[in-house]
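Here is the structure we will look at.
The values are calculated or read from the model by the stated rules, or taken from the named source; none is laboratory data. Since we're looking at a predicted model, the values are computed, not measured. Don't worry about glycine lacking a Cβ; one is built from the backbone with ideal geometry, like all the others, and counts go over all protein chains shown.
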Amino acid sequence: MRRKRSVVTDRDLTAVARLPKARKAKSSTVRSVTAARTSVIEPVAPPPPVDVDLSVDLAPTRPGALALRNPVLVASGTFGYGIEYGEVVDVDRLGAICCKGTTLKARIGNPTPRVTETPAGMLNSIGLQNPGVDAVLERYAPRWAGWQVPVLVNVAGESVDDYVAVARKLDGQPGVAGIELNISCPNVGKGGLQFALDPAAAGEVTRAVRRATDLPLLVKLSPAASDVRAIASAIEDAGADAISAVNTLSGMAIDRRGRKPLLGNTYGGLSGPALKPVALRVVYEVAQVVGIPIVAIGGVSSLDDVLDFLMAGACSVQVGTAVFADPVLPLRLIEELKAWCRDQGLASHRDLVGAALPGKRGRPSIKGVEYRP
Ligand SMILES: Cc1cc2nc3c(=O)[nH]c(=O)nc-3n(C[C@H](O)[C@H](O)[C@H](O)COP(=O)(O)O)c2cc1C
């Protein structure tokens, strides 16, 4: 770009320099000429680049227990136990890893087919296939203990006792940085109800696990709850450190040639971009009633998605389905978020958290007419 030519020439400046001292002090011309000289001689230096701090604490009342270097995590069930991606992804650069859902005993999972693509995402009915908590600790925790990235063990169960038993086994184990409770499983003890659909049940299982372990505890919401705010408040009151929002939405697909449901389990969980607006609504509502950190999940596949979730009230995000198509996406999102903050002059992404919320926490949603079919 061409510099705009100053009306004051170098010859003028030399003339001013020769003026007697007294005249110099009185003359406003002199002052403006001197200012002009400064601007000519010293080009305006660009502001120093902002050193962006992407760190985030997911358990603020347990200092240092779950302090992440950045707010981009990978979602349970989409990143295995972290080890599978080790060849392709530098896992230590991630904010955290949520491993595959872990149960007390091994589970073989649901009949096949277990996954199918949908126009804007996928359906899965893996059925919590996993080797059981003892095998997970034996096979994977020693590797995790050598990593810088914290690994959260995603825990599933069919009764409060199941969850508590798994939490006890995980408590104090090297390599286990925290627990993410997947409470969207059938609650056999309550006649098939899901813990995530009932505030009392959600509070009960959270409280029981809280008593069983000092590990940082995240509890994962279902988007199917009729009022997620009541569930989230119950979870916070029961002592959870953070909330993960959300799990998949129940859906299905048809095998037209066979004239039957496509998935072996008939139903599957919908994930990917189709889920994002629902997840965004859940985060936005929950952020208005809880004070604990919210980790957003649902269709994150670009920087825009990350920014939307932060502005809706989440302090971090998990990338799930998008990892299957692009395993290095989470790492790219970290760099893109950092560059975006720097560009905006933000010292931290935390300055954005809740920017789109309507008012103070604790107030009911004032977003207008709620769509509640
Ligand atoms: C194949 C697959 C397996 C999953 N397994 C689990 C699981 O074991 N536990 C859990 O809490 N969520 C599980 N999820 C849900 C994801 O963690 C995440 O909440 C959901 O997929 C929404 O995020 P996304 O749209 O980015 O995929 C699974 C999702 C997929 C696609």
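Restricting attention to the range 78-104 and to residues that are more than 14 Å from the ligand (Cβ to nearest atom) and without any contact (Cβ under 8 Å) to a residue 24 or more places away in the chain, the residue that is farthest from A135 (Cα to Cα) turns out to be E87.
One line per residue, one yes/no per condition, for (1) at pLDDT 95 or above; (2) farther than 15 Å from D304 by Cα; (3) small (G, A, S):
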position: I334; (1), (2), (3): yes, no, no
position: R342; (1), (2), (3): yes, yes, no
position: G359; (1), (2), (3): no, yes, yes
position: R363; (1), (2), (3): no, yes, no
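Of the residues D255, D308, the single one that is acidic (D, E) and in contact with a strand residue (DSSP E or B) (Cβ under 8 Å, 6 or more places away or on another chain) is D255.
The set of residues in the range 75-112 being assigned to a loop (DSSP other than H, G, I, E, B), among the hydrophobic types (A, V, I, L, M, F, W, C) and surrounded by fewer than 23 Cβ atoms within 10 Å (Cβ to Cβ) consists of V88, V89, L104, A106, I108. Taken over the range 146-158, the residue count meeting the criterion of being away from the ligand (no atom under 13 Å from the Cβ) and either closer than 15 Å to S184 by Cα or outside any loop (DSSP other than H, G, I, E, B) (or both) is 2. For the subset of the range 134-163 comprising residues that are surrounded by fewer than 17 Cβ atoms within 10 Å (Cβ to Cβ) and not acidic (D, E), which member is nearest to N70 (Cα to Cα)? Here the residue is Q148. When we screen R107, R143 for residues that are over 18 Å from the mean Cα position of the chain (by Cα) and within 12 Å of the ligand (Cβ to nearest atom), the only hit is R107.
Go through (1) buried (at least 19 other Cβ atoms within 10 Å of the Cβ); (2) more than 24 Å from the chain's Cα centre (by Cα); (3) more than 28 Å from A274 (Cβ to Cβ) one by one and return the number of the condition A200 breaks. Tallying (1) buried (at least 19 other Cβ atoms within 10 Å of the Cβ); (2) more than 24 Å from the chain's Cα centre (by Cα); (3) more than 28 Å from A274 (Cβ to Cβ), A200 fails exactly one: (1). The test for being buried (at least 22 other Cβ atoms within 10 Å of the Cβ), in contact (Cβ under 8 Å) with a residue 40 or more places away in the chain and over 27 Å from I334 (Cα atoms) holds for V166.
Here is a yes/no grid of residues against (1) acidic (D, E); (2) buried (at least 22 other Cβ atoms within 10 Å of the Cβ); (3) on the phi < 0 side of the Ramachandran plot:
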| site | (1), (2), (3) |
| --- | --- |
| Y284 | no, yes, yes |
| G291 | no, no, yes |
| L310 | no, yes, yes |
| G313 | no, yes, no |
| A322 | no, yes, yes |
| P330 | no, yes, yes |
| E336 | yes, no, yes |
| A339 | no, no, yes |
| L357 | no, no, yes |
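Identify all residues within the range 217-266 that are within 14 Å of the ligand (Cβ to nearest atom), of a type in the set (S, T, Y) and either surrounded by fewer than 23 Cβ atoms within 10 Å (Cβ to Cβ) or in a helix (DSSP H, G or I) (or both); write none if there are none. Within the range 217-266, S250 is the sole residue that qualifies.
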